[in-house]
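Working notes for the structure below.
Only the coordinates and a few stated rules stand behind these numbers; no lab work does. Computed from a prediction, not measured in an experiment: that's the story for all the values here. Don't worry about glycine lacking a Cβ; one is built from the backbone with ideal geometry, like all the others, and counts go over all protein chains shown.
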Amino acid sequence: MELPKCQKCNNGTLIPLSDYGQDGASVTFKAWACTNPDCGFSLRVDKGEVTYGKRIEPKH
């Protein structure tokens, strides 16, 4: 599968991330994140609502 190039930085690749829903069901491609740490672009789907642009930060 060829992954899309990040349109924000044109340097990273958008990679798909999966998660589990509220009932424990697998949610494939729930989010996409740029591999360029200086960019941090993300796109995600939460309860049918698409959000994007929030920078990915490490969780401490």
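Structure values in brief
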{"read-out": "Net charge over other residues, Cβ less than 14 angstrom from the Cβ of residue 25 (K, R count +1; D, E count -1)", "value": "0"}
{"read-out": "Label selected from (1) 12.1, 37; (2) 22.3, 62; (3) 14.5, 47, the criterion being Rg and Dmax of the Cα atoms in Å as computed here", "value": "(1)"}
{"read-out": "Size of charge dipole - the chain - debye, nearest 20, with Cβ of Lys, Arg +1 and Asp, Glu -1, no other charges", "value": "160 debye"}
{"read-out": "For residue 40, net neighbour charge (Lys/Arg +1, Asp/Glu -1) across residues whose Cβ lies under 15 Å away", "value": "+3"}
{"read-out": "Sum of side-chain charges, residue 8 neighbourhood, beta-carbon under 13 Å (Lys, Arg +1; Asp, Glu -1)", "value": "+2"}
{"read-out": "Within straight-line cross-link reach of residue 8, lysines at Cα separation under 16 Å, skipping those fewer than 8 residues along the same chain", "value": "54"}
{"read-out": "Mean separation of Cα contacts under 8 Å, 6 or more apart, over the residue count of the chain: relative contact order %", "value": "23 percent"}
